[in-house]
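**Q** Before anything else, here's the structure in question.
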Amino acid sequence: MSTRKGKGGKKGSRPSPGTGAGGAEAVPEEIKAAADRDIDIPPKEDLITGQIKPQTSLGRGPRKQPKKGKPSPRLSNHKARTVWLYSRAAWPSREAPVRSLVRERERVRKALQPAPGTSQWEMIGPTNVGGRLTSIVCHPKYPERIWVGAAGGGVWYSPDAGQSWQSQWYSQDVLNVGSLAIDATDPDVIYCGTGEANLSADSYPGVGIYQTMDGGQNWRLLAPKSKTNIPSRIGVIAIDPFNPKHLRIGGVSHALPAHTAPGDVDLGGMYTSLDGGISWTRETFVSANNYWCHSIFFHPGRKGTIFATFTERGARNGIYKTTDGGKTWRQLRQGLPQPSRIGRTTLAVSPSKPDVVYAFAADELSQSSDMLLGVFRSTDGGESWANVAGTHFSREQQISYGNTIAVHPKNHQHVICGGVDLHLTTDGGKSWKRVTRWDTDRGRPNYAHADHHCLLMPPGAPGRVYDPNDGGLDVSEDGGLSWVNRSQGLSVTMYYDLDVAQSDGRAFGGGTQDNGTNITTSGHSDDHREILGGDGGWMVFDPANASRLYASYYNLNIYRFEGNKYYDVSPPAGENEKNQVWMAFIKLDPNDTRKVFTGSYRVWRTLNDGKSWRAVSPPLDGSPISAIEVAAADSRRVYVGTENGNFFRSLDGGATWSPNMAGSTLPGLTITRLATNPTDARMLFATIANFGHPHVFRSRDGGETWEDVDKGQLPDVPHHSIAIRPDAPGTLYVCNDVGVFVSPDWGQTWMSITRNLPNTMFVDLVYHQADGTLTVATYGRSIWRLKIK
């Protein structure tokens with residue numbers, strides 16, 4: 001019997017036959033919601049269509065005081081998001097095996113026949129939302145020419161300071177970007193470090209360093225990780241202004257030596273190249289073992305002087321300096337806290353007065369609170385420091401994730417820095433002003449998206465500030481006092497899930513990473529609207545009514561939307577239970593959409609549109625429920641999969657539940673999706689996450705026995721979703737971390753239908769019967785659609 005770890009880190013095993021969930025005696029009493037939670041929207045704007053409509057009252061409960069706008073969840077935690085990917089792509093390692101990903105993509109590209117047809121996928125948006133950016137560079141002479149790197153969407157170029165965008169990456173081995181650097185002596189030369197290093201491992205690690213020598217028109221893998229052993233997540237690339245062949249990179253690694261394949265070394269730290277990035281040497285003056293390097297800069301006027309920051313979980317943390325080109329390094333201590341408290345730190349030097357250096361440092365002692373240790377300032381080239389933060393940053397957090405600082409090119413007293421929000425001083429830190437607020441209305445001058453990963457104040461445009469963050473790119477033209485978003489055309493949204501309204505294929509959307517739940521009802525790419533904030537979770541349309549849907553955000557928070565009204569219909573689970581669920585699966589009964597199922601580590605059901613909920617199962621196996629299917633052919637049959645890879649079923653609509661029925665055929669890893677034959681409730685398919693096993697299984701008897709219908713034909717990578725065509729019996733579609741695939745015969749044979757899709761993660765797909773389209777959501781390159789018939 002296989003075992004694995006659940007989200008809480010405790011080791012769990014599949015229950016033995018005859019134990020676990022089951023029996024009517026275990027079903028809890030009905031738990032009623034406190035009220036009907038009827039909420040009016042004062043603007044009288046239809047949250048689904050964006051149109052102005054007369055305001056009406058729905059529901060039978062007492063009228064509540066109106067709430068403005070849409071529901072506003074609190075800020076999400078990037079570490080929970082990391083666990084989400086870990087359970088699907090990395091377990092039991094701490095890093096997903098990116099080399100296996102690349103190898104499997106190439107294998108199936110050669111081995112599988114393409115599906116018949118010549119139609120190509122079309123990117124259908126959103127182009128007006130953005131997504132997580134990690135890095136930015138600009139042309140030294142023309143500051144409006146910028147390149148940005150996305151956590152899951154590759155490199156993009158703008159010729160006009162972000163007012164329009166062009167994708168430069170599409171078919172690279174991975175599109176997960178951690179850093180960029182431009183050669184000031186030859187701006188056509190740009191380096192890109194792959195693998196995000198913001199201590200949020202919710203995207204794949206990298207494959208090395210890419211280089212372009214023509215401003216991004218063509219890229220080559222200059223330094224493959226497989227040959228150079230550089231870090232799998234590169235957060236900084238620095239180029240020596242006196243010798244552009246002298247490069248230094250800093251990176252992190254989440255891998256543990258015990259879980260690393262022989263010969264596949266993955267160590268973070270600082271690495272040096274003296275031949276323009278072809279060969280690399282690891283610096284070991286901090287440690288010969290794994291340590292992390294977060295920031296590097298060369299002194300612009302003093303040859304051989306370099307600053308860098310490191311964390312090594314102890315006394316060797318902190319800021320270091322060399323004055324002899326890296327032969328010897330010295331840990332800087334004067335005026336700084338004890339090294340063990342210095343966490344992730346970003347450095348910025350004043351171009352106008354290069355001996356003025358600033359450091360923005362996380363506090364290791366704050367642990368999960370992830371607070372700021374200080375903003376430290378040196379006026380003597382790092383020899384001594386003073387904390388100039390005061391008490392201004394007492395509420396700033398997530399500093400290990402968002403951590404950036406920049407100095408005005410003409411004024412060494414003018415500094416912008418931040419984590420969740422941005423803060424400005426114009427007097428060298430004597431006073432500070434919070435200049436952005438992530439929770440204010442979008443479009444206001446002080447709005448910029450939360451979680452800032454890089455800041456750039458180009459010397460060629462004093463007063464301009466570029467701000468890559470979790471929402472794309474925000475720009476200020478007045479030194480940081482006011483902001484405007486410039487993500488139009490930047491299609492790098494990271495989706496968790498997708499749905500398309502079966503009654504109107506123009507209505508579609510889903511939950512996204514830190515950009516809420518977004519939908520469009522026009523079918524256009526540029527008018528997607530956020531109806532629910534935070535990290536958006538599962539979203540499901542009523543199949544008969546496109547203006548009625550369920551949406552959610554993390555921790556089992558669920559809302560029902562109907563035209564210009566929304567209702568908080570979250571199950572009344574306790575906080576501990578809710579906090580164990582990152583994204584709760586939501587499933588409507590296809591024969592009675594008032595009946596809805598969701599799950600924590602147990603199954604919740606409502607029979608009346610969420611007005612009241614009942615926990616209809618005891619805890620199943622202790623891990624979060626990851627998939628729910630209600631059979632269209634017989635909705636008394638309800639099937640459930642868990643993150644621990646176990647399978648449970650109810651034959652009476654959720655009243656009683658079986659023990660674990662995964663058997664020895666299912667691999668014991670996260671079940672990501674369950675789907676039934678539209679005309680046979682006993683024929684059931686399951687998709688499975690992770691690596692090292694088959695990924696699509698079929699049961700002909702409602703889960704009593706299982707068979708592998710993958711048989712090694714499909715790529716050995718995490719699979720996320722499956723769709724069955726009701727109008728073409730036997731036709732299945734699956735999506736996974738390398739593409740989209742189709743079977744015309746219930747899974748006996750498979751073909752690739754990936755075609756022109758970019759090399760990213762494909763996390764959900766929906767077949768639309770009336771329109772004959774297949775729509776797929778990605779984690780980094782927005783949503784794509786293919787005309788099937």
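**Q** Using Cα centres only, tell me the gap between the range 621-657 and the range 675-732 in whole Å.
**A** Centre-to-centre distance over Cα atoms comes out at 15 Å.
**Q** How many Å³ per residue does the convex hull of the Cα positions in the range 518-629 occupy?
**A** Once divided by residue count, the hull of the range 518-629 is 108 Å³.
**Q** Please state the shape class of the range 332-433: rounded when a/c is under 1.5, otherwise prolate if a/b exceeds b/c and oblate if not, all from the C-alpha gyration tensor.
**A** In terms of gyration-tensor shape, oblate.
**Q** Another question, then. What are the aspartates and glutamates whose alpha-carbon lies under 16 Å from the alpha-carbon of LYS110, with same-chain residues fewer than 8 places away excluded?
**A** Cross-link targets: ASP173, ASP716.
**Q** Starting from the Cα gyration tensor of the range 690-789, take the square roots of the eigenvalues, sort them a ≥ b ≥ c, and report rounded, prolate or oblate (rounded when a/c is under 1.5, otherwise prolate if a/b is larger than b/c, else oblate).
**A** Judged from the Cα gyration tensor, the range 690-789 comes out oblate (a/c at least 1.5, b/c at or above a/b).
**Q** Additional query: Write down the accessible area per residue of the range 373-424 in Å², having rolled a 1.4 Å probe over the full set of protein chains.
**A** 31
**Q** Could you tell me what percent of the accessible area of the range 505-562 is made up of carbon and sulfur, with a 1.4 Å probe and every protein chain present?
**A** Carbon and sulfur: 41 percent of the exposed surface of the range 505-562.
**Q** To continue, here is another question. For the pairs LYS327/LYS430; LYS79/LYS587; LYS141/LYS245; LYS410/LYS430; LYS79/LYS433; LYS353/LYS430, note any where the Cα-Cα span goes beyond 30 Å.
**A** Table pairs above 30 Å Cα-Cα are LYS327/LYS430.
**Q** Helix-only mean residue ellipticity at 222 nm, the chain, DSSP H runs n ≥ 4 weighted -39,500 (n - 2.57), per residue, nearest 500. What is it?
**A** -1000 deg cm²/dmol
**Q** Rule-of-thumb check for the chain: C-alpha Rg over 2.2 N^0.38 Å?
**A** In units of the globular-protein estimate, the chain measures up at 0.94.
**Q** Which percent of the accessible area of the range 694-740 is formed by carbon and sulfur heavy atoms (probe 1.4 angstrom)?
**A** With neighbouring chains kept in place, the figure for the range 694-740 is 49 percent.
**Q** Let me ask another. Per residue, how much accessible area does the range 284-340 have with a 1.4 Å probe, in Å²?
**A** Accessible area per residue: 47 Å².
**Q** Apply the Kirkwood formula to the range 495-559: the hydrodynamic radius equals the inverse of the mean of 1/r over all pairs of different alpha-carbon atoms; give it in Å with one decimal.
**A** After inverting the mean inverse Cα-Cα distance, the result is 11.3 Å.
**Q** Select from THR345, GLY419, ALA201 the residue farthest towards the positive end of the dipole of the chain; place +1 on Cβ of Lys and Arg, -1 on Cβ of Asp and Glu, and compute about the Cα centre.
**A** THR345
**Q** Something else about it: Where the centre of each part is set by its Cα atoms, how far does the range 526-582 sit from the range 109-140, in angstrom?
**A** Centre-to-centre (Cα) distance: 27 Å.
**Q** At most 12 other Cβ atoms within 10 Å and a DSSP loop assignment: could you name the trypsin sites (Lys or Arg not before Pro) in the range 350-439 that fit?
**A** ARG395, LYS430
**Q** Based on Cβ point charges of +1 for Lys and Arg and -1 for Asp and Glu, what charge dipole magnitude is obtained for the range 634-789 about its Cα centre, in debye rounded to the nearest 20?
**A** Magnitude of the dipole: close to 400 debye.
**Q** Once you mark the GluC sites (Glu not before Pro) that are in a DSSP loop and have at most 16 other Cβ atoms within 10 Å, what is the longest gap between them in the chain?
**A** 145-382
**Q** With a probe of 1.4 Å, find how much accessible area the range 83-200 has per residue, and write the answer as a whole number in Å².
**A** Dividing the accessible area of the range 83-200 by its residue count gives 36 Å².
**Q** Does anyone have the angle between helix 98-111 and the longest principal axis of the chain? Alpha-carbon axes, 0 to 90°, nearest 10?
**A** Computed tilt is about 60 degrees.
**Q** Moving to a separate point now. Which values, in whole Å and largest first, are the semi-axes of the equivalent ellipsoid of the range 73-150 obtained as the square root of 5 times each eigenvalue of the Cα gyration tensor?
**A** 30, 25, 17
**Q** Here is a further query. Rounded if a/c is under 1.5, else prolate if a/b beats b/c, else oblate: with a ≥ b ≥ c from the C-alpha gyration tensor eigenvalues square-rooted, which is the range 551-682?
**A** oblate
**Q** If you don't mind, there's one more thing I want to ask. Can you list the residues, at least 5 places off or on another chain, whose amide H is less than 5 Å from the amide H of GLY125, using H built in the peptide plane?
**A** ILE783
**Q** Using only the Cα atoms of the range 427-473, construct the convex hull and provide its projected area averaged over every direction, in square nanometres to one decimal.
**A** The number I arrive at for the range 427-473 is 4.1 nm².
The values are calculated or read from the model by the stated rules, or taken from the named source; none is laboratory data. Here the structure is a predicted model, which means the values were calculated and not measured. As a convention, Cβ positions derive from the backbone with ideal geometry for all residues, glycine included, and neighbour counts pool all protein chains shown. We work out accessible area using only protein heavy atoms, side chains counted, and drop any ligands, DNA or RNA first. Shrake-Rupley method; radii C 1.70, N 1.55, O 1.52, S 1.80 Å.
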